[in-house]
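Inspection log for the structure reproduced underneath, given as structure tokens.
Every number in this text was worked out from the coordinates using simple rules, so none of it is lab data. Please read all numbers here as calculations on a predicted model, not as lab measurements. Here the Cβ is made from the backbone with ideal geometry for all residues, glycine too, and neighbour counts use every protein chain on show.
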Amino acid sequence: MARQDNLRMRNARKRRRDLVNTQLHIGTHHDLRKLKRSTRKKLAKESAPRLWIFPWLAEVSLGYESRIHFRASLLGLPIELRQKIIHQSYTKEDLLYDVEVFRNGRGSRETRMRRILWVDKDQPTSNNRHDMSQRQGQEKELFTILNRRISGLSRVSRVLYEDMKSVGRRWRADLDKWLGKQQEYQMQDTSNPAAVSGLNALAALQLRAPVRARKKDFVIKVRKSKPGKRVRPPKCWYCTERHHDGYPICPMAKRDQGKWRKMTSPVGEQRSTHYKHATFKRKKTIFAN
């Protein structure tokens, strides 16, 4: 026990000598404060994922409020059924008709099936419809109209906004799949001179060795940190956040000094021992001699 006490005293004297030798002044030292008990509980409640019921209510920019929809309406249906109905409500023919109206400014139901950009296999074709140079522009028009459709439905309500995240991806995947089939069919058509020249060019590329261009890249060397038990810094007890930069001042204090002072109280603050209570005032009685 005596040896441990001597070691503890030597370490204490060493720490005092180190503090004396440093250029530390009480005027430049930051004010040490800690979170209040109510603020600490509030932050712990906000950061608990198990207590999140409606996370989207915090998005003030959307202006969404929770609503209860009727079961007989589209918005009141289950999510899977509603997304399936929305996905099947806009077909390939509808997209081609919208593109035709977008290009010409007018259209009819007859032109929907007669004048289309790319025809199916069972419909008659002509050489001018196999022009490969127009494919890039046609794809751009298709995706433009499809994105307009997705953005228009997303602005109807918050429920459709969430559904269009999934339905929009499915619509784009279906369009990519259909465009790939059309391109494959056009490449297999021997009556199209563009397809024949494209196949010849591909065959010539397969015979030649690929030419690899040399690229000059910048190499950045970084020193690898040694792995340890805890890579991330521990949470600070005063602010319940991590000091990633190793700076002694809490991140909350650096972000907003006024808010930090309202949420915290100084450490080591001694309470006043003088309490004012409502007591009876003494009455002075003078006796006659």
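Given a Förster distance of 41 angstrom, what is the FRET efficiency for Trp237 paired with Glu162, based on the Cβ-Cβ distance and rounded to 0.05?
Working: r = 39 Å, r/R0 = 0.95.
Calculated value: 0.55.
Strictly over 19 Å apart at the Cα level, which of Lys140/Lys165; Lys14/Lys34; Lys34/Lys254; Lys84/Lys165; Lys235/Lys262; Lys140/Lys181 would you flag in this model?
Values: Lys140/Lys165 21 Å; Lys14/Lys34 28 Å; Lys34/Lys254 14 Å; Lys84/Lys165 13 Å; Lys235/Lys262 21 Å; Lys140/Lys181 17 Å.
Those over the limit are Lys140/Lys165; Lys14/Lys34; Lys235/Lys262.
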